[in-house]
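Each reported figure results from applying straightforward, stated rules to the coordinates on display, with no laboratory input. Source: prediction; values computed, not measured. Note that each Cβ is placed from the backbone with ideal geometry, even for glycine, and that neighbours are counted across all protein chains shown.
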Amino acid sequence: MIYGFCLITPVGSHRIFLNDPSFVQRLFFVRFRSSAIAAQSFILFPKLKRFWNRKANTMGDAVLKQCIMASLVFIFITFTKGKTMKEAETIYPVHQLIRKRWSVRSFSGESISRDQLFTMFEAAAWAASSMNEQPWRYMYAMRENTEEFKRFHSCLAPDNKTWSANAAALILSLAKKTFTKTSALNKHYFHDVGAANNNLLLQAAALDIYGRMMAGFDVEKTISEFNLPEDLEPVCFIAVGRLDVAGKLHEPYHSREREKRSRKSLEEIILN
Ligand SMILES: Cc1cc2nc3c(=O)[nH]c(=O)nc-3n(C[C@H](O)[C@H](O)[C@H](O)COP(=O)(O)O)c2cc1C
């Protein structure tokens with residue numbers, strides 16, 4: 001029991017306790033997890049060592065040793081080959097979907113269905129917008145449509161081109177600058193498209209699809225390639241697809257993919 005706990009805790013605490021934790025559990029496991037793991041290993045390691053050096057007198061001992069070996073192999077595989085999961089570590093109990101979404105670069109090249117993509121577009125369409133103008137517009141290319149995918153891909157900045165080639169789809173997010181009824185400038189057009197894009201990526205996360213927005217693209221080329229009218233401004237491209245291991249990326253993307261996600265503290269962003 002105690003040995004099982006020793007093995008499970010470092011790996012499993014995040015999964016087990018952070019899925020639906022109380023505030024105290026969260027505080028403990030987010031803030032003090034590393035020191036808790038270190039302390040636990042320090043106390044339990046000698047016991048484990050003594051147990052290991054003991055002859056396997058009983059069938060139970062032998063089975064337990066086999067289980068421990070299997071667990072160690074599992075832990076090794078998880079840490080070295082596992083897909084990078086970068087759930088947000090939060091102090092307050094933020095919704096699981098918000099914690100789950102992160103900006104992925106390593107895509108598996110697997111397809112996603114048109115229904116899944118359109119579910120994401122529909123989620124985007126339900127964002128709030130100034131005067132309900134809904135200034136968001138989208139164009140997309142599925143990976144299977146090779147020529148179209150290449151056309152979208154060719155508009156990206158060199159950095160973004162490298163890792164996004166394995167995405168299942170590339171989306172071009174556009175913003176209509178003026179109100180349709182009055183033709184007056186909509187001051188909030190970019191704001192509202194950002195809100196829609198965030199909805200899109202949260203819906204994607206709910207479908208186990210990840211994405212990364214890209215402001216790094218050739219604006220002039222995009223405008224001419226897609227023959228965009230003056231009133232439509234390209235906001236960003238979004239690569240979406242299934243997650244793959246960070247290990248398949250070259251540097252510097254490999255290290256970046258494994259970097260811990262970080263955010264400003266609430267004290268920095270809440271000004272009163
Ligand atoms: C409007 C916008 C533009 C971005 N442009 C790029 C980009 O060109 N290339 C890139 O690798 N990431 C880009 N990102 C991703 C951000 O770097 C990423 O969202 C940020 O580091 C936070 O990481 P997270 O989304 O995993 O929390 C962009 C994000 C946004 C919202």
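Structure summary
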{"quantity": "Integer Hz, Karplus 6.51/-1.76/1.60 couplings in order for region 238-248, x for Gly and Pro", "calculated": "10, 8, 10, x, 8, 5, 10, 5, 5, x, 7"}
{"quantity": "D_trans [Stokes-Einstein, Kirkwood Rh over alpha-carbon pairs] for region 48-186, 4 °C, 1.567 mPa s, µm² s⁻¹", "calculated": "64 µm²/s"}
{"quantity": "Percent of Cα-Cα distances greater than 30 Å, calculated over region 97-267", "calculated": "17 percent"}
{"quantity": "Alpha-carbon centroid distance for the pair region 146-179 / region 184-225, whole angstrom", "calculated": "11 Å"}
{"quantity": "Peptide ranges 190-199, 233-242, 246-255 listed from the most packed, as the mean C-beta count within 10 angstrom indicates", "calculated": "233-242, 190-199, 246-255"}
{"quantity": "Cα-Cα over 31 Å, subset of Lys150/Lys176; Lys176/Lys260; Lys177/Lys221; Lys100/Lys150; Lys49/Lys248", "calculated": "Lys176/Lys260; Lys49/Lys248"}
{"quantity": "Peptides 200-207, 124-131, 257-264, 170-177 ordered by average Cβ neighbours within 10 Å, highest first", "calculated": "170-177, 200-207, 124-131, 257-264"}
{"quantity": "Under 12 Å from Lys161, Cα to Cα: aspartates and glutamates that are on another chain or at least 8 residues apart", "calculated": "Asp218"}
